[in-house]
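Every read-out reported here was derived from the displayed coordinates using simple, explicitly stated rules and does not represent laboratory data. Owing to the predicted nature of the structure, the values given are computational and were not obtained by experimental measurement. Cβ: placed from backbone, ideal geometry, glycine included. Neighbour counts: every protein chain shown.
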Amino acid sequence: MKRLASADRVFILTGAGISAESGIPTFRGVNGLWRNYRIEEVASPEAWHRDPRLVWEFYSMRRRVAAAAKPNAGHFALSKLGDTIGDKLLLCTQNVDDLHEQAGSRNVVHMHGELFKSRCDTCSRPPFPDSETYDPPAEIPRCHCGGRIRPHICWFGEIPFHMDRIYENLQRCTAFIAIGTSGQVEPAATFAAAVGDHARSIYIGPEEPANASTFTEVILGKAGDVLPSLLDGGD
Ligand code: OAD
């Protein structure tokens, strides 16, 4: 593995860019989702309270797009890395699609939730698999407690999932690699700055992220082009 030693504990952070070559739009690019939708209208607790139908239309559209997508060479390279180094890898993604899992990665940490799961907005019933599309729903689906079923997504203003495990692993890792994320959304934007002094950090993507100065190295290129040779080039 070029740039990785066999003793390395590796923390990978992926963002929308890793799924771009699979046809899933990013958020802030030229055709990015946030160019066509307003966050506060479709991805916030306030939006859910104001217009849950509009929220479900947005996530139903995203379910349809993601359901048609297939993993690309970048996802497969990361899955192969997991097969090689096992539990010395933590694969953390801001993405809500399941392309890492489809490529064979196990124990993926979805800090912003999962598109193909839903949960109750009221009771503590755990999130459950759900790939239905509800657009426009005649009725918002209901939980047996009477609450409304919402997408299992971390909206703006909510706390991302698995943060204890994430910060524990950031402290322990010796190599941090971020792929395809613009470095504009907290808390992930400060992960590179949060790794211990002993770790090096690499960014991979076609353009410099906003937090480029917090990385040891920036490699410009598409994930599907860079990752297979970077992660599979021999020690
Ligand atoms: P952005 O849309 O902000 O950034 C995507 C990044 O991917 C950009 O920096 C692109 O340069 C890069 N990129 C594009 N094509 C690529 C490729 N083929 N290979 C590698 N990189 C590529 O997406 P994120 O940073 O992931 O949160 O966005 C972070 C969060 O903001 C999302 O999880 C979402 C969004 O609002 C929530 O919805 C809570």
Requested in this report: Using a 10 angstrom cutoff on alpha carbons, build the Gaussian network for the chain and name the most mobile of 186, 41, 21.
Outcome: 186
Query raised in the report: Taking only the alpha-carbon positions of segment 123-187 and ignoring solvent, what does the Debye formula give for the base-10 log of I(q)/I(0) at q = 0.15, 0.17, 0.27 Å⁻¹?
Result: -0.76, -0.87, -1.33
Report summary line: With the dipole of segment 1-134 defined by +1 on each Lys or Arg Cβ and -1 on each Asp or Glu Cβ, the option from 52, 36, 7 whose Cα lies farthest towards the positive pole is 7
**Report entry** Fraction of beta bridges assigned by DSSP in segment 83-235 that are antiparallel (%, nearest 5)
**Finding:** 40
Requested in this report: With only Lys, Arg, Asp and Glu charged, each at its Cβ (+1 for the first two, -1 for the last two), find how big the charge dipole of the chain is about the Cα centre; round to the nearest 20 debye.
Outcome: 240
Report summary line: Rounded to the nearest 10, the angle in degrees between the Cα long axis of helix 73-85 and the longest principal axis of the Cα atoms of the chain comes to 60
Query raised in the report: Taking neighbour counts of Cβ atoms within 10 Å as a proxy for exposure, in what order, fewest first, do 18, 219 appear?
Result: 219, 18
Report task. Could you compute the FRET efficiency for residue 41 and residue 6, with r as their C-beta to C-beta distance and R0 at 41 Å, rounded to 0.05? Result -> 0.25
Query - Between helix 163-172 and the chain: long-axis angle, C-alpha atoms, 0 to 90°, nearest 10 - result: 0
Query raised in the report: Lysine pairs, Cα distance under 19 Å, 8 or more residues apart or cross-chain: how many in the chain?
Result: 8
**Report entry** Fluctuation leader among 130, 121, 164 - the chain, Gaussian network, Cα springs under 10 angstrom
**Finding:** 164
Report task. Compute the length gained on full extension between residue 83 and residue 232: take 0.36 nm times their separation in residues and subtract their Cα-Cα distance, giving the result in nm to one decimal. Result -> 52.5 nm
Query - Selected from 82, 107, 23, residue furthest toward positive end of dipole (segment 1-146; charges at beta carbon) - result: 82
Requested in this report: Check the cysteines of the chain one by one and keep only those with no other cysteine Cβ under 4.7 Å from their own.
Outcome: 92, 154, 173
Query - Rule-of-thumb Rg ratio for the chain [Cα; 2.2 N^0.38 Å; N residues] - result: 1.03
**Report entry** Computed over segment 90-235: relative contact order in percent, which uses C-alpha pairs under 8 Å that are six or more apart
**Finding:** 16
